[in-house]
1. Strictly over 32 Å apart at the Cα level, which of A:K116/B:K367; A:K367/B:K397; A:K161/B:K116; B:K267/B:K367; A:K267/B:K313 would you flag in this model?
2. Specify the residue with the greatest mean-square fluctuation among B:P121, B:P219, B:P295, computed from a Gaussian network of chain B linking alpha-carbon atoms under 10 Å apart.
3. Taking the Cα centre of the stretch A:181-256 as origin, sum charge times position over the Cβ atoms of Lys and Arg (+1) and Asp and Glu (-1), and report the length of that vector in debye to the nearest 20.
4. Evaluate peptide B:278-284: per residue, the Cβ atoms of other protein chains within 10 Å of its Cβ; return the mean as an integer.
5. Give the order of A:E262, B:E199 when sorted by the count of other beta carbons within 10 angstrom, beginning with the fewest.
6. Just how large is the dipole of the protein assembly as shown about the Cα centre, in debye to the nearest 20, putting +1 at every Lys and Arg Cβ and -1 at every Asp and Glu Cβ?
7. With a length cut of 24 Å (Cα positions projected on each helix's long axis) and a Kyte-Doolittle mean of at least -0.5, go through chain B and give me the DSSP H helices that pass.
8. Mean-square fluctuation check for chain A, GNM, Cα pairs under 10 Å: which of A:H289, A:H252, A:H185 is largest?
There are 2 protein chains.
Amino acid sequence: MRAAILSTGDELTTGRTLDTNAHYIADQLLAIGYDVTGMLVVGDYSDRIEWAWRRLFEIADIVVGTGGLGPTADDLTTETLARLAARPLRCDADVAANIRRLFESIGRRMPENNLKQAMFPEGADIIPNPLGTAPGFRLHIETGNGARTAIVLPGVPREMKQMLSADVLPWMRAQRRDNFEYRSHTFQTFGISESALDELVAGVLDPSTTRLAFRAAFPQISVRVTVHAAPAEVEERLADAVTRLRERLGPHCYGEGLTDMETEVGKLLAASGHTLAVAESCTGGLIGHRLTDVPGSSRYLLADVVAYSNAAKREVLGVGTETLERHGAVSREVAEEMAAGVRRLSGATFGLATTGIAGPDGGTPDKPVGTVCLALDGDGGHFSHRYQLWGSRDWVKLLTSQIALDWVRRAELGADPTAAEILRK
Amino acid sequence: MRAAILSTGDELTTGRTLDTNAHYIADQLLAIGYDVTGMLVVGDYSDRIEWAWRRLFEIADIVVGTGGLGPTADDLTTETLARLAARPLRCDADVAANIRRLFESIGRRMPENNLKQAMFPEGADIIPNPLGTAPGFRLHIETGNGARTAIVLPGVPREMKQMLSADVLPWMRAQRRDNFEYRSHTFQTFGISESALDELVAGVLDPSTTRLAFRAAFPQISVRVTVHAAPAEVEERLADAVTRLRERLGPHCYGEGLTDMETEVGKLLAASGHTLAVAESCTGGLIGHRLTDVPGSSRYLLADVVAYSNAAKREVLGVGTETLERHGAVSREVAEEMAAGVRRLSGATFGLATTGIAGPDGGTPDKPVGTVCLALDGDGGHFSHRYQLWGSRDWVKLLTSQIALDWVRRAELGADPTAAEILRK
């Protein structure tokens, strides 16, 4: 089955707002077995909106549109589709009453133009919107290319997503003429490039019933497997594919489902009762920022000292003057003393430290931009390593923070943290 | 003049990659006076690509396409356009020699399929690509809708952006039949909502020759003014519009051009020779992370202590046990002692501190989620304030970091930092 996606709004065609709705919907449609043949954006003009629907019906059986459902004069989706389908607009009494009630509940008079949101082309199936005043609808239209379905949702991402999962996706799944069910599972990986991942998992799955999608969001790459099969078999098939992939991905996979490194590190620390203290130089607070993005992180993150100057390294963390002079601030030796220092200062189970040259300035022939030293200090041992990373300042910071968090994860699993791989170019 | 944008790639229609190219190009085309009538995405299928070009030529005089210029079999843009225009493909000897040279320079043998990138439809104008192996091209095509121009660029954002600004935009500007020149200027604001900004600047500019575009990227909103006029007048018109807007925006504007709060704070500190030390609780390292994203920040950022636990507040920063017990960790009093403590520890000109409840847990009736206290300690005075913010954990962290940086900016300008406005709901 072929689907297309239409996004409507002047804010999109003027480059003012990035259209993330279409991207989200495409991902969801793929997971239920649809082929997305096109994604189109047009501004708030009735002739352009009509042109867009007509053209997308040429390449798709179902077109999912977002935007243009508001109460104002430039919200044109409903009337344009009614005209295209040659249906009159009718007011839905229940929807109208509900909109009135919503305004009453916040003690405000309803502007009359809001009733526009209760008007639908005759014969449309209304899609409830529990989070806003504008419901969506589904409309069957006979076109020169055959019978087509228009699905219309509001452009507000929160409302769109809720209606998509509660109503649109189940309905679209049921339209598929085969009897297949679709199930997905996601792995999060780090330390391996997309092409290397592709090679690693080659041949492990049956391509006629499974589909793999890689999604890179630096510094992690997610691998999603989607299995389709008859309802009675689909769970078993998915479990089989997941087992095979899990084995093949091995240590490259650090988590499953919608997760990230800081969340996984947090889970491990919360479960073990261990605590962490961080001393950051080149990462400048990013490790602390990432760790504290996880709710409840105050249970295991005791302190983070961003010792950007040598004076701070000496005076707050107790790094030796001689160590700094002899090895330089970017060295394994200084990283080790930073990790030990912040651990001593805080009494944490682990002391983690970074020092490096994020660039663009500060590089030398011996220590070019991208030179980064990490250290981890704990009862299980003292580890340090020097890496040669690459890329822009923010890339070096982000990659360093990811490797550092992966060290803690590996240490919590009882493995050698320095075995962590860095993302291969 | 009407333009449309086409993005080609399976990674876009499968929701694997978010298309940011089209958004970027739309913004640039608006600034040189084009009306973007549509933005379309299709996968790597020759029939879909051909359909897409044909359809977009219905609504635009010039179509800018990205993607599908690589060396592999699924890169179909060039051959599809040649077929659509009924032109044979020709190898460009200079481009071919250049590709060979690039491979030689990195000591690798060139795979023969790379020569595909030297093939162009007969009559095409080649657009050089100084950053990669795939040049773009411009091709004039007679269609059923009239004479049209296809402009083709690689999908790699870095290469696309360079070619767009060096070649495509000047060429497109020259195609406009009126004699107008376009000039833009951007203001960065904080502490005011988009609708309040809209009201604030209402009526200040002549709508027949100026256009305003707001672009919200939380926590900042940029205001771009674009002026068009005859070449002899355009600079004066822009200067006039900028002066009027600058006056109207007043303290809501913290910088002009492509900048952000951490860059502006860094400029002020670098110019004054002052230094900064930060003590973060609820922001968890984000202030340090933002400050150290600016190259050269080691000159003015001395240290940042993320004192997430009370023990760290006491032992590293010297916050009094009695202060913690009496007022609680989230209080102006504790923020003040944190700021004074980190300043003392580092010898910085300013000590800046945050403490608050980012949520989702930890709120109380007295101090609900979003309660945040800031303090700034310096020779010019000691400031502290309690704010009631709102939103999710990451939102509270980001908004707090923005207000805190704005405090430093205001202090550097000799103003009362606590006069900083927070973003109105």
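Readers should treat all values here as calculations from the given coordinates under stated rules, not as data from a laboratory. Since we're looking at a predicted model, the values are computed, not measured. With ideal geometry, Cβ positions are generated from the backbone for all residues, glycine too; neighbour counts draw on all protein chains shown.
1. A:K116/B:K367; A:K367/B:K397; A:K161/B:K116; B:K267/B:K367
2. Of the options given, B:P295 has the highest mean-square fluctuation.
3. 180 debye
4. Per-residue shielding by partner chains comes out at 4.
5. Arranged by neighbour count, lowest to highest, A:E262, B:E199 become B:E199, A:E262.
6. Charge dipole of the protein assembly as shown: 160 debye, to the nearest 20.
7. Both cut-offs are met by B:393-412.
8. The residue with the greatest mean-square fluctuation here is A:H289.
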